[in-house]
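First comes the structure, then the notes that go with it.
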Amino acid sequence: MVGIAVITAIGVRTESPWVVVLTAFAAMPLLWPRRRLLWIGVAVLVGVVGAVRSGDGWRSLEPDRLGPVEGWVRVIDDPQPYPSSTRVILEVEGERFEMWSRGRAQQQRVMRWRGGESIRVAGERLALDAERAERVAWQHVVGRFDLDWVGDVAAGSPVARASNRVRGAIERSAQFVPEPHGALFRGLVIGDDREQPRDMIERFRASGLSHLTAVSGQNVAFVLASFGPLLVRLRPWPRWLLTLAVIAWFVVITRFEPSILRAGVMAGLTATAFMTGRERSTLRILAATVTALLLIDPLLAWSVGFWLSVGATAGVCTVGPWLARRFEPLGPVALPLGITLGAQLGVVVPSVLVFGRLPLVSIVANLLAVPVAGAVMLYGLPAGLLAGLLADAAPAFGQVVMFPARVGTRWVDTVAMLGVRLEPDPPWVWVGWMLVVAAVLGWLGVDRYRERRSNR
């Protein structure tokens, strides 16, 4: 299954069936002794389909119509603020266009829009330059929309209205957490990092903690844990259906981000495997998830967030447990240290290629921040909904309910601040990573020596 996912990714990225065939041919010597040539045939077929689908996906980014338009458009995602503008993706006659709103008055109005709402507008659809088109391809954006005027706002579908009510409750509850930690709270719970200050975003990146505000499998696990008391009381089939419904509901609330798509599909496949009594290898489920998502939406292959999520998950479920078992003499630190190092190994390639850095302090920062951030995620959704619903009627109650989240977010941000201060500059950061690798290899060597002696 892992090989199929790899060849599918190669086919999608290269858009070439011939590259898929050559890759599979090169892998034959490795698989011949194991008599798995049937899997090579399946991988070639799936990879070719991925290459064809990828070509179709890029051709779909050619806009059908450009020029002036007046009428109703749909907001795809919540507006994203930047220092001097606000970006929002609109669906205009079935195609997606990005709109940049400038000017204080217009930005304030646009920031009140929510995903799924319909807006009456007039403006002009324009083409994107090649560089910008490639950067936003994974969002299926085909052009730019210049706004002339904006009119009425209409609520979206029942699903959109329900998700916006939940997000609205979380936003209201964040008022009980002083800024900028209120924005951090929204990021930890539902991945809404739109109003985080630029300096906060930068220090989380520089300390290796930016993954905490990108909703992922950890958030899905905590949401399912919140529903655990209800799920365990149900019979298998109703429990499975409700589990899938909860996962889908959370994916909608978090706006279908690549990381949550990966996490949601994995959680659904895991629940299905448990229901049917099938093998539940995390790596196989991850491979099946990557294959399915790339075949459904091949443009995800150009999302950095998608590959960071996949890489971290692969490292956590393979290298992480293996290292944790060898770190057992370290006691309670063994598991979190192994998982942290596994996740860092999984994201090293996209992090270095795209961002040009791999924070050395991320090891210690994750050990200190992840447990507290996890507690905020687990507690934050039910507490935030309760505090948000009663924000106007009982503000004192909201203060009490949100106090643990207030303490937790402050702790996480403090760890990020210390991480930025302690992070060494290049080239010393790479020297530090070499020392870390040497220390891990030395530990593994000593562990292997002890194992040999014990077996004598």
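The values are calculated or read from the model by the stated rules, or taken from the named source; none is laboratory data. Computed from a predicted structure; not experimentally measured. In this analysis, Cβ positions are derived from the backbone assuming ideal geometry, glycine residues included, and neighbour counts consider all displayed protein chains. Note: accessible area is taken over every heavy atom of the protein model, side chains too, but ligands, DNA and RNA are not part of it. Shrake-Rupley method; radii C 1.70, N 1.55, O 1.52, S 1.80 Å.
Place a +1 charge on the Cβ of each Lys and Arg in segment 352-452 and a -1 charge on the Cβ of each Asp and Glu, then give the dipole magnitude about the Cα centre in debye, rounded to the nearest 20.
Charge dipole, segment 352-452, about its Cα centre: 240 debye, nearest 20.
Can you send over the solvent-accessible area of residue 131, 1.4 Å probe, protein chains only, in Å² to the nearest 10?
Probe radius 1.4 Å; accessible area of residue 131 about 140 Å².
Can you give the log10 of the normalised intensity I(q)/I(0) at q = 0.06, 0.14 Å⁻¹, computed with Debye over equal Cα scatterers of the chain?
Computed log10 I(q)/I(0) values: -0.30, -1.58.
For segment 245-364, max minus min Cα coordinate along each principal axis, in Å, sorted largest first?
41, 39, 24
Rounded to the nearest Å, what's the spacing between the alpha carbon centres of segment 40-69 and segment 105-141? Just the number, please.
22
With unit charges on the beta carbon (Lys/Arg positive, Asp/Glu negative), name the residue among 204, 149, 245 whose Cα is farthest towards the positive pole of the charge dipole of segment 119-272.
Of the candidates, 245 comes out farthest on the positive side.
In debye, nearest 20, what is the charge dipole magnitude of the chain about its Cα centre with +1 on Lys and Arg Cβ and -1 on Asp and Glu Cβ, if you could check? Spell out each step's value before the answer.
On the way: 48 positive and 36 negative charges, 365 e Å.
Using Cβ point charges on Lys, Arg, Asp and Glu, the chain gives about 1760 debye.
For segment 197-306, which semi-axes, largest first and in whole Å, follow from the square roots of 5 times the eigenvalues of its Cα gyration tensor?
27, 18, 12
Taking a 1.4 Å probe, which of 59, 205 shows the most accessible area, and what order do the others take after it?
Per-residue accessible area, sorted high to low, gives 59, 205.
Using a probe radius of 1.4 Å on heavy atoms only, what accessible surface per residue do you get for the chain? Whole Å² is fine.
About 51 Å² of surface per residue is accessible.
So if each residue of separation counts as 0.36 nm, and I subtract the Cα-Cα distance between residue 135 and residue 249, what length gain in nm does that give?
Computed gain between residue 135 and residue 249 is 38.2 nm.
Select from segment 215-316 those trypsin sites (Lys or Arg not before Pro) which occupy a DSSP coil region and have at most 10 other Cβ atoms within 10 Å, ordered by residue number. Present the calculation step by step, with values, prior to reporting the outcome.
Numbers: sites: 233, 239, 255, 262, 278, 280, 284; in loops: 233, 255, 278, 280.
Listed in order of number, the matching sites are 233.
Carbon and sulfur atoms: what percent of the 1.4 Å accessible area of the chain do they account for?
Carbon and sulfur atoms account for 63 percent of the accessible area of the chain.
With every protein chain left in place, what is the accessible area of residue 146 in Å² (1.4 Å probe, nearest 10)?
The value for residue 146 is about 60 Å².
Largest first and to the nearest Å, give the Cα extent of segment 38-136 along each principal axis.
Computed over the Cα atoms, the extents are 61, 27, 26 Å.
Dividing the Cα radius of gyration by the Kirkwood radius, what Rg/Rh value follows for segment 83-202? Kindly include the intermediate steps, with their values, before the conclusion.
Details: Rg = 15.7 Å, Rh = 16.0 Å.
We get a ratio of 0.98 for segment 83-202.
For residue 104, project a label point 7 Å along Cα to C-beta. Then give me every residue of segment 56-92 with its amide nitrogen under 13 Å of that point.
none
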